Amino acid sequence: MTGDTAAGWFQDVDPGDTEGARAAIEDGSADGPADWPGLAVEADFAADEDDYYSRLRAATLRAATAASRERERADDNQLTHSLRAMDDARRTANELAERVAEWAGSLGWPEDAAAVADREPGEPGERRLVALATRVRSLEEEAAALRGHVERTAPSVAPNLSALAGPILAARLVSLAGGLEALARKPSGTLQVLGAEDALFAHLQGGAPSPKHGVIYTHEYVRGTDPAERGSAARALAGKLTIAARVDHYSGDRRATLDRELDERIERIRTRGDG
Amino acid sequence: MNLPEGVQYRTIGGDRTLATRGPQVSDESTDEGWRAWDPGRSKLGAMLDAGMETGLTGGETVLYLGAAAGTTPSHVADFAGPTYAVEFAPRPVRDLVAVARDRDRLFPLLKDARRPETYAHTVEPVDTIVQDVATRGQAAVALENRQFLREDGRLLLAVKARSEDVTREPEAVFEAATAELEEGYELLDRRRLDPRHEDHLAVVARPR
Ligand SMILES: C[S@@+](CC[C@H](N)C(=O)[O-])C[C@H]1O[C@@H](n2cnc3c(N)ncnc32)[C@H](O)[C@@H]1O
């Protein structure tokens, strides 16, 4: 066919090639629509219109099945990797910064890694110290860049959860649960203590009090609530986050009503405390 | 009132309801092959139930934007012709595929409705666009997809105010959306779908 002819998905696909058909639906594109059924018959891709539609049906079913499965796995997986990388980069930077501070202190230098990185080293030992401080600085920069990446991607993986929890906490919950689907299946009592597994274990062993919250403690609605009401706030927040995770996983629709309901619940809990 | 061929009011499970005839979806209630189509759960169903002039007659070619798990698209495919169902969230597409497997001419597409070039190689010109994307920029999506609509075709659009801006008055959001829509469409009818669908506006339009 000539370059001018509008090219449909079937253009370079052999009628028997189901895998090629799937790939063409998934990866192809065109400037605009055209009478594809008619063109396909003309190009001998299909015997008639009915034949065309049954081929199209097989190809779209295959493409949608494969692509949704792959994307579903890929998205929350990628988010989890970038969040964990962010944590690792930050933890390692802190650890090395402590080493730099200790070493720099022994030389009577300022202990701040950023300041050490800017020093002119004299002896070979000083050169190593300055090099190490430079690494600390770039690791910190990488942690910040990873944080930005998580903040940008979390809302598309879990729009409602990210709106209610903030993108970082949302990503952390997904990561701790082992994926969005796993999170969506957890009861809210489990989400509430995610990240407090050690405390929970100690409680189950006997003696220790049961933890009231895990990583959701970092949420303003828990941390910023009066200690007497904090357990209720954590329970209310976990309840709404659980619903948000389920909506994200099962429908993908953004429901701004959830935000408002959560705001109102917390407001009521906090004023009850004042009263 | 003008219901398309293949859509009727029936009594199913004791309730009078809109219905289409087609393969059962999960464990919904049916009666002699008729499936209840609940206007409370479907904006297109609510438009038909409200007696809006949708131009649907049955058998037409449809592009459905925002297909979700396929609840409404399944009814559309029951009475319409070839139905192209676009949805960009992977999870609901899993259910949409299940619905499409039982039907001959319902084509699921995991695509972003804001990027029509990624499915223009698959979708033919259509008689009707049904749009229910509940996302920001709903008028822009309708304008970008206008290229799929035949000259005498119809856009059946649901605008969800809260998806555009939670803080603004719904009426203000609707005004802005319909004004933007008029860049490419002539508006034939508009109606609020409250109370069934809170803060939703239904629009019937044709390309200009
Ligand atoms: C209100 S639901 C649709 C319900 C469906 N029309 C029904 O009645 O059964 C809105 C859907 O639009 C989808 N959506 C939002 N933005 C989209 C986009 N840019 N492209 C494709 N689908 C989109 C959402 O993922 C969601 O599933």
Chain A: relative contact order from alpha carbon pairs under 8 Å, six or more residues apart, as a whole percent, is 13
Net charge near B:Thr128 (other residues with Cβ under 15 Å of its Cβ; Lys, Arg +1; Asp, Glu -1) is -4
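In square nanometres, what is one fourth of the surface area of the convex hull spanned by the alpha carbons of segment B:38-207?
It is 8.9 nm².
Could you grab the relative contact order for segment A:18-72? Cα pairs under 8 Å, six or more apart, rounded to a whole percent.
Working: 26 pairs, mean separation 24.1, N = 55.
RCO, segment A:18-72: 44 percent.
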Rounded to one decimal in nm, the spacing of the 7 Å Cα→Cβ label points at A:Glu264 and B:Leu188 is 3.9
Looks like segment A:158-275, by Cα gyration tensor root eigenvalues a ≥ b ≥ c and the a/c under 1.5 rounded cutoff (else prolate when a/b is bigger than b/c, oblate otherwise), is oblate
Residues whose built amide H sits under 5 Å from the amide H of B:Tyr185, excluding neighbours closer than 5 in sequence, are B:Arg208
With every protein chain in place, the accessible area of A:Arg223 for a 1.4 Å probe, in Å² rounded to the nearest 10, comes to 120
Residues other than A:Glu102 with Cβ under 15 Å of its Cβ, Lys/Arg counted +1 and Asp/Glu -1, net out at -3
Rounded to a whole %, the carbon-and-sulfur portion of the accessible area of segment A:74-156 at a 1.4 Å probe is 48
Note to self: Kirkwood Rh of segment A:74-156, Cα pairs, one decimal, Å, is 13.8
Computed for segment A:75-213: size of charge dipole around the Cα centre, +1 on C-beta of each Lys and Arg, -1 on C-beta of each Asp and Glu, debye to nearest 20, value 460
For peptide A:243-251, the mean count of other chain Cβ atoms within 10 Å per residue Cβ is 2
Counting every C-alpha pair in the protein assembly as shown, the percent lying more than 41 Å apart is 34
Full extension between A:Ser188 and A:Ala6 adds, at 0.36 nm per residue less the Cα distance, a length in nm of 60.3 nm
Env charge @ B:Asp189, Cβ radius under 13 Å, K,R +1 / D,E -1, value +3
The helix A:230-250 Cα axis meets the longest alpha-carbon principal axis of chain A at an angle in degrees, between 0 and 90 and rounded to 10, of 20
P(r) over all Cα-Cα pairs of chain A, 5 Å bins from 0 to the longest distance, whole percent per bin, short to long, reads 1, 5, 9, 10, 9, 9, 9, 9, 9, 8, 7, 5, 4, 3, 2, 1, 0, 0
log10 I(q)/I(0) for segment A:21-167, Debye formula on C-alpha points only (no solvent), q = 0.10, 0.13, 0.14, 0.16 Å⁻¹, two decimals, reads -0.62, -0.77, -0.82, -0.91
Placing +1 on each Lys and Arg Cβ and -1 on each Asp and Glu Cβ in segment B:1-79, then taking the dipole about the Cα centre, the residue among B:Gly66, B:Pro4, B:Ala19 whose Cα reaches farthest towards the positive end is B:Gly66
Ratio for segment A:33-93, C-alpha Rg to 2.2 N^0.38 Å, reads 2.06
From the Cα centre of segment A:44-121 to that of segment A:180-223, the distance in Å is 26
The value for segment A:178-222 (convex hull of the alpha-carbon atoms, volume per residue, Å³) is 84
Given GluC sites (Glu not before Pro), DSSP loops and at most 14 other Cβ atoms within 10 Å, the longest exposed-site-free stretch of chain B is B:54-181
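Determine the dipole magnitude for the protein assembly as shown: charges of +1 sit on the beta-carbon of Lys and Arg, -1 on that of Asp and Glu, nothing else is charged, the reference point is the Cα centre, and the result goes in debye to the nearest 20.
For this selection, approximately 1860 debye.
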So, with points 7 Å from each Cα along the Cβ direction, the B:Arg115-A:Arg223 label distance in nm works out to 3.6
Scoring chain B by relative contact order with C-alpha pairs under 8 Å, at least six apart, yields a percentage of 17
FRET efficiency for A:Glu141 and B:Val166 from the Cβ-Cβ distance with R0 = 30 Å, rounded to 0.05, comes out at 0.30
Tilt, helix A:167-177 to longest principal axis of chain A (alpha-carbon atoms), in degrees rounded to tens, equals 80
Counting only residues 5 or more apart in sequence or on a different chain, those whose built amide H sits under 5 Å from that of B:Arg21 are B:Arg35
Per-residue ellipticity at 222 nm attributable to helices in the protein assembly as shown (runs of n ≥ 4 DSSP H, -39500 (n - 2.57) apiece, nearest 500 deg cm²/dmol) works out to -16000 deg cm²/dmol
For the table A:Lys212/B:Lys43; A:Lys240/B:Lys160; B:Lys111/B:Lys160, the rows whose alpha-carbon distance is greater than 30 Å are A:Lys212/B:Lys43
The ³J(HN,Hα) series, computed from each phi in segment A:129-140 with the Karplus coefficients 6.51, -1.76 and 1.60 at θ = phi - 60°, rounded to the nearest Hz and given as x for glycine or proline, is 5, 5, 4, 5, 5, 5, 4, 4, 5, 6, 5, 5
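The values are calculated or read from the model by the stated rules, or taken from the named source; none is laboratory data. These numbers were taken from a predicted model, which means no experiment stands behind them. Every residue, glycine among them, receives a Cβ derived from its backbone with ideal geometry; neighbour counts consider all protein chains shown. Each accessible area value is taken on the protein alone, full model and side chains, heavy atoms only, with ligands, DNA and RNA left out. Shrake-Rupley method; radii C 1.70, N 1.55, O 1.52, S 1.80 Å.
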